[in-house]
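Colleague: Got a structure for you, questions after.
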Amino acid sequence: MRAKIDEAAFVARTFARAGMVKPENPLLLIKSLDVLRRWGTSIAGGYASAAVRSPNATALIDDAGSLSYRELDQRANALARGLSAAGVGPGDGIAVLCRNHRYFVEVTVAADRIGADLIFLNTMFAAPQVSEVCEHERPIAIVYDEEFSETVAAASVGRTAMIAWTDGAGSSPQRTLDQLRAGQSTDPLDPPPSPGRIIILTSGTTGTPKGAQREQPSSLAPAASLLDVIPLRARGVTLIAPPLFHSWGMAHFSLALMLGSTIVLQRDFDPKQSLLAAARHGAGALVVVPVMLARMVDLPADALVGVDLSRLKVIAASGSALPGELALRAMDRFGDTLYNLYGSTEVAWATVAGPADLRAAPGTAGRPPRGTVVSLFDDRDLPVTEVGVTARIFVGNGLGFEGYTGGQTKQQIAGLMSAGDVGHFDAEGRLFIDGRDDEMIVSGGENVFPREVEDLLSDHPGVSEAAVIGVVDAEWGQRLRAFVVISGESGPDEAVLQELVRAQLARYKVPREVLFIDELPRNATGKVLRLELGGN
């Protein structure tokens with residue numbers, strides 16, 4: 001009982017500090033609470049409640065303009081009825097292949113209102129991957145931007161196909177979402193028998209993407225724990241640059257809804273245009289993945305002359321490794337507003353590093369927020385508590401992972417779930433990620449994790465980014481091969497970079513080969529596609 005009281009007090013304090021508690025019109029508050037009673041804290045309920053409490057507040061800004069909470073709520077109601085008329089019902093699956101814009105948000109809300117499941121597809125998928133995922137997840141409908149018509153052609157056979165964003169040419173025979181909702185009532189719907197699910201696919205950097213299912217949180221404590229360490233504020237403006245189909249983008253979409261904030265979306269990412277939009281709309285929060293942040297930091301000094309980013313208080317980064325050198329450069333340019341979250345689709349979040357820790361220990365993943373446990377275990381499943389010793393990372397935080405849609409799940413020890421990574425703690429309790437558990441390279445009997453070598457190579461002023469993989473070697477079992485992208489017109493040669501590693505790390509960690517390429521292959525969230533480099 002005492003624990004529940006303490007948790008409730010923590011949630012109340014955190015929400016109050018975030019500005020979520022304010023004087024309310026009693027009648028509107030009663031109506032809003034009634035909506036939440038009927039719908040719960042789902043996305044559908046969140047927008048319905050916001051439409052009652054703040055109908056004229058701006059909910060969303062995208063390339064087509066802005067929508068108030070009332071407008072978005074009514075458009076979603078009409079779309080939900082249109083989906084039902086098209087044969088989509090509770091428990092049915094809808095695959096979504098869309099960029100960041102209003103239609104992605106509207107179909108997400110509408111599907112939740114009829115109890116349909118959503119399968120978010122990666123916009124970088126080729127046609128075979130789309131077909132493979134649809135064959136596995138078996139959606140009865142597919143919603144896609146018109147630009148992906150050829151990509152979904154095979155997967156849409158036998159399924160109800162609907163176009164979201166269209167270029168207006170009218171070249172496709174498929175119905176658009178606007179046509180689907182036309183003539184439908186915008187009145188509120190009754191909740192479905194059971195809520196729909198959102199299935200977010202894993203990155204698929206080491207194989208076929210899998211659908212990840214997560215339980216709905218049983219309390220508001222997990223959200224409060226994140227707001228406790230990342231100072232997001234209610235009724236602000238959040239620009240979400242990563243794709244909404246990724247767990248990092250969707251997490252901030254959900255947080256912005258909870259905070260009653262305006263979300264700003266752009267269909268295509270451009271570092272300068274994103275910062276200009278953040279300034280134009282007075283964004284207090286900018287959500288990125290590290291590769292996006294790197295492109296912003298690399299903008300020439302004169303690119304942002306006269307651009308007022310003074311209202312930007314949070315730059316939230318996640319999705320892939322954040323090199324320490326990049327963190328320092330970003331804070332030197334944009335101020336100490338950077339917050340790096342480490343987690344995964346399966347475990348949600350594990351640790352958060354704020355500006356102070358990123359200054360004190362560049363490259364750290366930070367510390368677990370309240371309510372989260374991060375422990376290390378060795379190959380015998382025994383706990384590792386020594387400072388600086390690398391071991392497997394396991395996480396628990398109250399956001400239960402239900403397993404993949406194929407029935408598989410992640411390894412668990414003592415109620416904690418594997419993050420799939422290895423790392424170590426420093427003497428201050430800060431976590432450092434040393435690499436993926438399955439990326440370990442064994443060269444001459446010695447274990448090497450690529451991250452350490454990659455960070456060192458990337459610290460060279462002439463190197464923009466680097467990736468290290470293991471390749472088969474007849475003598476050593478595996479040898480290290482580095483792929484390096486040079487910054488500027490010239491940079492270090494192979495010998496210089498090998499000597500850089502040799503001077504600071506063990507000799508067996510020196511790459512036998514350094515190959516110079518124009519760019520590293522990455523997925524939509526910035527993770528390096530090692531299989532395309534020839535990695536194991």
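The values are calculated or read from the model by the stated rules, or taken from the named source; none is laboratory data. Bear in mind the structure is a predicted one, so any value in this text is a computation, not a measurement. All Cβ positions, glycine included, derive from the backbone under ideal geometry; neighbour counts span all protein chains shown.
Colleague: Touching a Ser or Thr at 6+ places or on another chain (Cβ under 8 Å), surrounded by 18 or more Cβ atoms within 10 Å (Cβ to Cβ), in contact (Cβ under 8 Å) with a residue 24 or more places away in the chain and assigned by TED's automatic domain parsing to the domain that holds Leu29 - does that describe any residue in region 103-110?
Modeller: The answer is no, given that none of the residues of region 103-110 is touching a Ser or Thr at 6+ places or on another chain (Cβ under 8 Å), surrounded by 18 or more Cβ atoms within 10 Å (Cβ to Cβ), in contact (Cβ under 8 Å) with a residue 24 or more places away in the chain and assigned by TED's automatic domain parsing to the domain that holds Leu29.
Colleague: Go through the residues of region 396-419 one by one and say whether even a single one is part of a loop (DSSP other than H, G, I, E, B), charged (D, E, K, R) and surrounded by 19 or more Cβ atoms within 10 Å (Cβ to Cβ).
Modeller: no
Colleague: Moving on to the next point. Is at least one residue of region 149-163 in contact with an Asp or Glu (Cβ under 7 Å, 6 or more places away or on another chain), buried (at least 23 other Cβ atoms within 10 Å of the Cβ) and either assigned by TED's automatic domain parsing to the domain that holds Ala48 or within 22 Å of Ser42 (Cα to Cα) (or both)?
Modeller: yes
Colleague: Going through region 285-311 one residue at a time, which ones are under 20 Å from the mean Cα position of the chain (by Cα) and under 29 Å from Gly260 (Cα atoms)?
Modeller: Ala285, Leu286, Val287, Val288, Val289, Pro290, Val291, Met292, Leu293, Met296
Colleague: Now a separate question. Please verify whether region 464-483 includes one or more residues that are of a type in the set (A, V, I, L, M) and part of a helix (DSSP H, G or I).
Modeller: No: region 464-483 contains no residue that is of a type in the set (A, V, I, L, M) and part of a helix (DSSP H, G or I).
Colleague: Still on this structure, please answer the following. Taking the criterion of being in the same structural domain as Pro369 (by TED's automatic domain parsing), surrounded by fewer than 17 Cβ atoms within 10 Å (Cβ to Cβ), free of Cβ contacts under 8 Å to residues at least 40 places away in the same chain and farther than 16 Å from Leu239 by Cβ, would at least one residue in region 309-327 satisfy it?
Modeller: No, region 309-327 has no match at all.
Colleague: Scan (1) over 26 Å from the mean Cα position of the chain (by Cα); (2) closer than 27 Å to Met292 by Cα; (3) among the charged types (D, E, K, R) for the single condition Glu519 breaks and write down its number.
Modeller: (1) is the only condition that Glu519 fails.
Colleague: Select from region 491-521 the residues that are among the basic types (Lys, Arg) and under 19 Å from Pro461 (Cβ atoms) and list them in ascending order.
Modeller: Arg502 - this is the single residue of region 491-521 that is among the basic types (Lys, Arg) and under 19 Å from Pro461 (Cβ atoms).
Colleague: So Asn447 clears everything in (1) more than 17 Å from Ala350 (Cβ to Cβ); (2) touching a Phe, Trp or Tyr at 6+ places or on another chain (Cβ under 7 Å) except one condition, right? Which one?
Modeller: So the condition that Asn447 fails would be (2).
Colleague: Then there is this: Looking at (1) crowded, with 17+ Cβ neighbours inside 10 Å; (2) in contact with a Leu (Cβ under 7 Å, 6 or more places away or on another chain); (3) of a type outside the set (Val, Ile, Thr), which one does Gln504 not meet, given that it meets all the others?
Modeller: (1)
Colleague: Same structure again: Please state which one of Arg159, Arg138, Arg175 is in contact with a strand residue (DSSP E or B) (Cβ under 9 Å, 6 or more places away or on another chain) and at positive phi.
Modeller: After ruling out the rest, the residue left standing is Arg138.
Colleague: (1) of a type in the set (Phe, Trp, Tyr); (2) surrounded by fewer than 20 Cβ atoms within 10 Å (Cβ to Cβ); (3) in contact with a helix residue (DSSP H, G or I) (Cβ under 8 Å, 6 or more places away or on another chain): which one isn't true of Phe449, the others all being true?
Modeller: (2) is the only condition that Phe449 fails.
Colleague: Looking at region 328-363, which of its residues are touching a residue at least 60 places away in the same chain (Cβ under 8 Å), in contact with a helix residue (DSSP H, G or I) (Cβ under 6 Å, 6 or more places away or on another chain) and either buried (at least 24 other Cβ atoms within 10 Å of the Cβ) or within 24 Å of His281 (Cβ to Cβ) (or both)?
Modeller: Scanning region 328-363 gives a single hit, Val352.
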